[in-house]
Amino acid sequence: MQMPTQKTMTRHSEPIEPKIQPFAQMIKNNIRSYSMVVALVLIMLLFQLLTDGILLRPLNVTNLILQNSYILVLAIGMMLVIITGHIDLSVGSVAAFVGALAGILMVQHHVPMIVTVVLSLLLGALIGAWQGFWIAYVKIPAFIVTLASMLLFRGLTMVVLKGQSIAPFPKSFQNISSGFLPDVFHGKNIHLLTLIIGGLLSILFIWLEIKKRNNAKTYGFDVIPAAMFIGKLISIVVVITVFSYVLATYEGIPNILIILATLIVAYSFVANKTIVGRHIYAIGGNEKAAQLSGVKTKRVTFWVFVNMGVLAALSGLIFAARLNAATPKAGNLFELDAIAACFIGGASAYGGIGTVSGAIIGGLVMGVMNNGMSLLGLGIDWQQAIKGLVLLAAVAFDIYNKNKAS
Amino acid sequence: MSQFILEMRGITKEFPGVKALENVNLQVKEGEIHALCGENGAGKSTLMKVLSGVYPYGTYSGDILFKGGVCKFKDIKQSEELGIVIIHQELALIPYLSIAENIFLGNEQAKRGVINWNETIVKTKELLKKVGLNESPHTLVGNLGVGKQQLVEIAKALSKEVKLLILDEPTAALNEDDSENLLRLLLEFKKQGMTAIIISHKLNEISKVADSITILRDGKTIETLDMRKDHVTEDRIIKGMVGRDLTNRYPKREPNIGEVIFEVKNWNVYHPLHNERKVIDDVNFYIRKGEIVGIAGLMGAGRTELAMSIFGKSYGKKISGQIFKNGYEIDVSDVSKAIENGIAYVTEDRKGNGLILMDDIRKNITLSRLNKVAKKFVVDENKEIVESEKYRERLKIKTPSIFQKTEKLSGGNQQKVVLSKWIFAQPDILILDEPTRGIDVGAKYEIYTIINQLAQDGKGILLVSSELPEILGMCDRIYVMCEGRITGELSRDEATQENLMKLMTKTEVRG
Ligand SMILES: Nc1ncnc2c1ncn2[C@@H]1O[C@H](COP(=O)(O)OP(=O)(O)OP(=O)(O)O)[C@@H](O)[C@H]1O
Ligand SMILES: [Mg+2]
């Protein structure tokens, strides 16, 4: 057997091997995530124009982050659930339930905030374990288990709250959602610490990229051309700088942004770089094959739901803190926003495909649209309708792309 | 009018990064059985997909003439209307539907949208008779063995008034009896005037049934041979496929056999659904270091069930018995424990159980042993790429890069990925379940060489195969199974086709 000799294949049998995927193919493979970034930028520009520049004002950018944080937290967990080929309809109810119990503990029983937060997250894990047990070990479809939990926990929320709202929360708790990093450097008109953090991030980013590139070089892989590499670095640094400047001219970095950024980095890392991450994708791709490869499919699925429970609890806390109240209606329809964010961000309904950054971008697309349409004075009714169409358009675009590629 | 029922002229088909077909010509005479041969990835399946409209007009270049008329199929439906019916390499039946429902799926016997079940059943019975399948039309397809499923596929094809029947590796998953049966059927249809194109890597079958044969290599037509005029031998076909002579089908090896490395004692397994049915009945066997041990048996003898129940109890219920490695009992109660204990199982069902089709070659190869390319819990992708490149080269996987999704590989190359995956896992005991199914002769030789090499390295190999020549050519010792029991054990020298067959059908062994 010789190597194939067709022209189209010769580039791969050149002497210096092994090779990393050619740049063009890299772009192609990532077309979906890039195109969603492009779509996000376009939507932002559109609303920036339509709202006469209000959208990207420092106050509004900060607001955007605060408004969407709890959905983004859910979307991260939901992405993992969807990658394993499942779905979780209960997250909104779970968020409400946890928020309610947190309210009861803190407001009615004066339990310290830290203790409450820890207990709430544990409760979330417990609820996730409950669902994971039925889904992973008893093999009841996730759709049914989580539909049941959606009803169950919405009902329990109303029971524990006796139909009333609980308010107000202690200031320390509210700060999760409405606080900002204090400016230890006491900038005059500008939040200095924020600028410094932005600068440090840029440096960290450049260092990591260069390290990655050198590493690839030592293995003899193709790397993108130097000019392009520098271009990429510059554009990222510009984005970081502009973003931190915008935040700095208002109140600086919101606490919640730090929580979010930590989650995004941590979960992207787990999904892309770790063995567990690979196993999660493998289960969604072909559960039987994954199991026969030694992946502990049940256990991994179970923990994905436990994780979802914890993040749902966190989301509930963030929402309660932002609202400064625990209400029976909290978290209503959150599950749908989180699921939509994942699909807009490129998840496959059949499992096995999706990225954490995709979920975030999908969430931001929805968030910017919500915010922009509100600024324009569009009612909730129209907002719903338009969001529905955007979801459909995004997925249709995805399928179109896939068909074109094959 | 020409004598050809089908002419394909100058067909070229490209996929991103791969030219699957380049200026291919194929001429098929009316009423003949025409074989299509070539190595894995030569483009056989692709050519047939072009012909049947799976790849519609416009996605390839070149002309298709059927019965003298130019064809521009937009989909399979259009080619079927002309009587061109394809049975794909992978069975495409729906397991939860009955035989009758499957046969008339998409072609329902209906009036104004209401299905006439009586007519459906009557017609199904007729078709089943034609293909010699003795089953009720109501039987669920999922309950049939592969051999019978293949017959259902053919019945389905016959329900569509076929003029030209295309069979893509129809016997790859069948045992010798079922294959024989199918080929006989094909010859019968030929007598009734049907034309057929058959793709197969089993050259003895081709010599048996084909009237002429077209050979593809690297996406190009090499030659078309007339089986009767040209006096074509199997070696002649191989030469055309591979481009050189291949004198020996099985590479030579000096067995270097050591101590017993693996032993299974009193192994019993029950059916996962029917609790009383014993699938494996008191099986005992052992493998020595450096030894290749074969398991022969008919379809349904329980070979795959035995292998999978050993491999992390992936099959069956109420499993009892003991497994020893190097004299110590080991725990194989789940797959990861089995892998840790150095056992690997190469499945016979590469698409269903072996590969994650949506993932690329690299991720598939490393999946079962990610910690080999990881630091603690973090996968080192650079190392992973280097490692999988090694296997691409060593097993000669034909692909533009290791980042190709495995669903886009030809069947044989998918099989090589599955093999790579388990060699990568560095097992001490390698269980191979039909490792060369759907693999071309050249690649088979390579795979045999690799198996021999693994044995030479001191591993124990268990080779499950339905191809007796393969068992006879490769194994040092052979166990024969029948109905869940081991009915005999033969050394290399004792074993012949005949006495194996006798043991394979020996149902009564004990009182
Ligand atoms: N959808 C696809 N996308 C990309 N490449 C493809 C696709 N389908 C087939 N190929 C490539 O085209 C070539 C021919 O494949 P094909 O399936 O026709 O081979 P084959 O001769 O049938 O091989 P086998 O004997 O292994 O079944 C292979 O290199 C394969 O990787
Ligand atoms: Mg093929």
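Here are some notes:
- Screening the stretch B:413-450 for residues that are within 13 Å of ligand 1 (Cβ to nearest atom) and touching an Asp or Glu at 6+ places or on another chain (Cβ under 6 Å) and picking the one that is farthest from the other protein chains (Cβ to nearest Cβ) gives B:GLY438.
- Scope the stretch B:60-82; condition among the charged types (D, E, K, R) and either assigned to a loop (DSSP other than H, G, I, E, B) or without any contact (Cβ under 8 Å) to a residue 40 or more places away in the chain (or both); matching residues: B:LYS67, B:LYS72, B:LYS74, B:ASP75, B:LYS77, B:GLU81
- Boolean, B:ILE237 is within 16 Å of ligand 1 (Cβ to nearest atom), over 22 Å from B:PHE66 (Cβ atoms), among the hydrophobic types (A, V, I, L, M, F, W, C) and within 14 Å of chain A (Cβ to nearest Cβ): no
- Looking only at residues of the stretch B:311-330 that are in contact with a Leu (Cβ under 9 Å, 6 or more places away or on another chain) and buried (at least 17 other Cβ atoms within 10 Å of the Cβ), we find that the one that is nearest to the other protein chains (Cβ to nearest Cβ) is B:SER314.
Listed here are the residues, each with its yes/no results for (1) surrounded by 17 or more Cβ atoms within 10 Å (Cβ to Cβ); (2) of a type in the set (Ser, Thr, Tyr).
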| residue | (1), (2) |
| --- | --- |
| A:ILE140 | no, no |
| A:THR146 | yes, yes |
| A:MET150 | yes, no |
| A:GLN164 | no, no |
| A:SER172 | no, yes |
| A:GLY187 | no, no |
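- Annotation: A:ARG213 fulfils all but one of (1) closer than 25 Å to A:SER69 by Cβ; (2) out of contact with any His (no Cβ under 7 Å at 6 or more places or on another chain); the unmet one is (1).
- The set of residues in the stretch B:374-404 that are in a helix (DSSP H, G or I), over 18 Å from B:VAL418 (Cβ atoms) and more than 7 Å from chain A (Cβ to nearest Cβ) comprises B:GLU381, B:LYS383.
- Scanning the stretch B:331-342 for residues that are at the interface with another protein chain (Cβ under 10 Å from one of its Cβ atoms) and aliphatic (A, V, I, L, M) gives B:VAL335, B:ALA338, B:ILE339.
- For the stretch A:206-242, a residue qualifies if it is closer than 24 Å to A:PRO58 by Cα and under 24 Å from the mean Cα position of the chain (by Cα), and the qualifying residues are A:SER235, A:ILE236, A:VAL237, A:VAL238, A:VAL239, A:ILE240, A:THR241, A:VAL242.
- Of all residues in the stretch B:424-449 being of a type in the set (A, V, I, L, M, F, W, C) and free of Cβ contacts under 8 Å to residues at least 60 places away in the same chain, the one that is farthest from ligand 2 (Cβ to nearest atom): B:PHE424
- Criterion violated by B:VAL131 - all others in (1) within 16 Å of ligand 1 (Cβ to nearest atom); (2) crowded, with 18+ Cβ neighbours inside 10 Å satisfied: (1)
- The C-beta contact set for the stretch B:403-417 (first residue under 19 Å from B:GLU384 (Cβ atoms), second residue of a type in the set (S, T, N, Q) and away from ligand 2 (no atom under 11 Å from the Cβ), distance under 7 angstrom, 6+ apart or interchain) comprises B:PHE403/A:GLN21; B:THR406/B:ASN364; B:LEU409/B:THR399; B:VAL417/B:ASN364; B:VAL417/B:THR406.
- Of all residues in the stretch B:366-385, those satisfying the criterion of being surrounded by fewer than 18 Cβ atoms within 10 Å (Cβ to Cβ) and either within 16 Å of ligand 1 (Cβ to nearest atom) or among the hydrophobic types (A, V, I, L, M, F, W, C) (or both) are B:PHE377, B:VAL378.
- Some residue of the stretch B:51-61 being away from chain A (no Cβ under 14 Å), within 29 Å of B:ASN413 (Cβ to Cβ), within 16 Å of ligand 2 (Cβ to nearest atom) and not basic (Lys, Arg): yes
- All positions within the stretch B:352-373 that are within 27 Å of the chain's Cα centre (by Cα) and either more than 9 Å from every other protein chain (Cβ to nearest Cβ) or assigned to a strand (DSSP E or B) (or both): B:ASP360, B:ILE361, B:ARG362, B:ILE365
- When the stretch A:314-324 is filtered for residues that are among the hydrophobic types (A, V, I, L, M, F, W, C) and under 21 Å from A:LEU122 (Cα atoms), the ones remaining, listed by number, are A:LEU314, A:LEU317, A:ILE318, A:PHE319, A:ALA320, A:ALA321.
- Checking each residue in the stretch B:14-25 for being surrounded by 22 or more Cβ atoms within 10 Å (Cβ to Cβ) and more than 12 Å from chain A (Cβ to nearest Cβ) picks out only B:VAL24.
- Any pair with Cβ under 9 angstrom, 6 or more apart, that starts in the stretch A:47-70 at a residue that is within 19 Å of A:PHE180 (Cβ to Cβ) and ends at one that is of a type in the set (Asp, Glu) and at pLDDT below 90: A:PRO58/A:GLU251; A:LEU59/A:GLU251; A:THR62/A:GLU251
- As a summary of the residue check, B:TYR96 satisfies the conditions (1) surrounded by 21 or more Cβ atoms within 10 Å (Cβ to Cβ); (2) outside any helix (DSSP H, G or I); (3) away from ligand 1 (no atom under 16 Å from the Cβ) except for the one numbered (1).
- Here B:VAL85 does not qualify as more than 9 Å from ligand 1 (Cβ to nearest atom), touching a His at 6+ places or on another chain (Cβ under 8 Å), assigned to a strand (DSSP E or B) and more than 13 Å from chain A (Cβ to nearest Cβ).
- Sub-6 Å Cβ pairs linking a first residue in the stretch B:29-47 that is closer than 24 Å to B:LYS19 by Cα and within 14 Å of chain A (Cβ to nearest Cβ) to a second residue that is within 16 Å of ligand 2 (Cβ to nearest atom) and of a type in the set (D, E, K, R), at least 6 apart or interchain, are B:GLY38/B:LYS44; B:GLY38/B:ARG217; B:GLU39/B:ASP440; B:ASN40/B:ASP440; B:GLY41/B:LYS398; B:ALA42/B:ARG217; B:THR46/B:LYS13, ordered by first then second residue.
- The numbered conditions (1) under 26 Å from the mean Cα position of the chain (by Cα); (2) assigned to a loop (DSSP other than H, G, I, E, B); (3) within 27 Å of B:THR46 (Cβ to Cβ) are all true for B:ASP230 except (1).
- The stretch B:386-409, subset within 16 Å of ligand 1 (Cβ to nearest atom) and under 18 Å from B:VAL346 (Cβ atoms), residue surrounded by the fewest Cβ atoms within 10 Å (Cβ to Cβ): B:LYS396
- Selection count where residues are in a helix (DSSP H, G or I) and within 23 Å of B:ILE385 (Cα to Cα), scope the stretch A:208-227: 12
The values are calculated or read from the model by the stated rules, or taken from the named source; none is laboratory data. Everything quoted here is computed from the prediction, not taken from an experiment. Here Cβ is always computed from backbone atoms with ideal geometry, including for glycine, and neighbour counts include all displayed protein chains.
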